[in-house]
Structures are given as structure tokens and as C-alpha cells.
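Quick notes on the structure that follows.
Every number in this text was worked out from the coordinates using simple rules, so none of it is lab data. Note that this is a predicted model, so its numbers are computed, not measured.
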């Protein structure tokens with residue numbers, strides 16, 4: 001079971017997909033969706049109006065998202081998974097859209113279609129299962145113990161572009177030296193107060209900072225620290 005709420009947040013942020021449950025014609029309906037998570041841990045979805053889950057949300061915005069951290073375990077039920085419960089609503093927000101597309105570059109092929117819309121889920125409750133008998137409910141205030149940094153969110157696009165364009169070697173070092181990930185071509189897709197997100201093709205990874213950032217201006221020193229640690233490894 002994750003030891004801290006930070007571990008739970010890292011589990012959520014480290015997934016690029018989730019199972020979405022909604023109410024369709026009075027029946028529970030579950031579908032697979034791509035997801036990105038905003039700085040305040042709000043899930044972001046990009047969905048077509050033609051999809052059954054979008055039609056369900058239009059009638060009842062209450063949804064749940066299951067984030068599965070059990071991949072690779074011989075006994076999956078011993079591993080962690082967390083369900084977020086809340087309400088999904090359409091939003092028109094360029095920053096959120098760009099954050100989603102950085103995490104899911106393939107979605108750019110259809111993101112501009114007229115029937116596709118961005119959704120933001122407001123978190124109301126979370127349920128953690130860390131394995132057999134390791135179960136608890138988590139209130140949003142507990143889960144969101146690290147405040148999001150609005151200046152970091154506003155400057156994220158530029159930071160990520162700078163790292164990928166001017167410091168791609170450091171990004172590769174993060175992946176190989178600190179996470180032990182094989183292959184070249186890793187890119188940085190996001191940064192928040194607690195860490196960074198990486199992607200290579202269909203693989204995603206999460207790398208936490210040693211300590212959460214106290215201010216947006218601390219991002220540069222945190223990224224340099226990661227690079228130095230990676231090169232010493």
C-alpha cells in the first residue's frame with residue numbers, strides 16, 4: 001500500500017489512461033480513456049460528443065476514474081489502485097488543452113475536430129485499495145496537501161519546450177540514470193510542484209523531485225539537481 005498521500009498522487013500522475021465509469025441510461029458504463037492530470041490533481045479528458053461516456057456525462061456529470069498501479073505484478077490484487085470520484089464538465093481552456101496534448105501527442109490529430117471537447121473533473125472523493133485489507137477513503141484536502149503553483153502552471157509550456165529543445169541530453173539522463181529506462185527518444189511532457197512526466201512512444205514515466213517545489217522559481221534548480229544526480233548514477 002502506498003505509504004503516503006504523495007505516493008497516491010504519484011500513482012495517479014504516473015498513469016496516462018484510466019477506466020471511466022459513468023451512468024448511461026441507468027446502467028453503470030465503464031470505458032477506457034486517455035487522461036492527463038492538472039497541477040491541482042484534477043483529471044483532464046478529451047472526448048467526442050459521439051462517445052457513449054460523453055452522452056452519459058451530459059445527462060449526469062457524476063463520474064469515477066480508476067487509476068491502476070498493479071501492472072507487472074504476479075498477483076495484481078496485492079497492488080495499489082485508486083478511484084477518484086467527482087463531476088466532469090466541459091471546459092474551454094488553452095492551458096489545459098496543451099497540457100493534455102503534451103501528455104498525448106497523438107491526440108493532436110483529432111483534438112481540433114468539432115465534436116471533441118475537453119473535460120475537467122472536479123475531485124470530491126478518493127478511494128484507495130493498496131492490496132488485500134489495505135483500504136481507505138481519502139478526502140480531497142488530504143490528497144491535495146501540496147498546493148499547486150499557479151506561476152509554474154502558467155510557465156509550464158515554456159519550461160517543457162526549453163528542456164526538450166535545449167537540454168534533451170538531460171531528459172535522456174533522467175530516464176536512463178534515475179529511472180533505469182531503456183532506449184533513446186524520451187521527452188518531457190510536464191512539470192508540477194512534485195516532479196516531472198516523461199514519454200517515449202507509448203511508454204510513460206514519472207520522476208519525483210527530492211522535495212516539492214516551494215515556488216515556481218525553484219524549478220530550474222530542481223531540474224539541475226536531477227541532472228546532476230543522474231550523471232552521478
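List of remarks:
- Relative to the longest principal axis of the Cα atoms of the chain, helix 150-166 runs at roughly 60 degrees.
- Debye-sum result for region 39-86 in log10 I(q)/I(0), which assumes one identical scatterer on each alpha carbon, at q = 0.20, 0.31, 0.33 Å⁻¹: -0.81, -1.14, -1.21
- If you bin all the Cα-Cα distances of region 150-232 at 5 Å, starting from zero, the percentages per bin are 3, 16, 29, 28, 17, 6, 1.
- Helix 219-232 axis, angle to the chain major axis (alpha carbon atoms, nearest 10°): 60 degrees
- For the chain, averaging the sequence separation of C-alpha pairs within contact (under 8 Å, six or more residues apart) and dividing by the residue count gives a relative contact order of 17 percent.
- Separation between Cα centres of region 82-110 and region 1-49, rounded to whole Å: 11 Å
- Residue of 151, 75, 89 that the Gaussian network model of the chain assigns the largest fluctuation, springs spanning Cα pairs under 10 Å: 75
- Global form of region 77-190, assessed from the alpha-carbon gyration tensor, a/c cut-off 1.5: oblate
- Surface/4 of the Cα convex hull for the chain, nm²: 13.2 nm²
- Rounded to the nearest 10 degrees, the inclination of helix 94-103 to the longest alpha-carbon principal axis of the chain is 70 degrees.
- Take the Cα radius of gyration of region 1-48 and divide it by 2.2 N^0.38 Å, N being the number of residues; the result is 1.35.
- Cα Rg, Dmax, region 5-143, angstrom units: 15.0, 46
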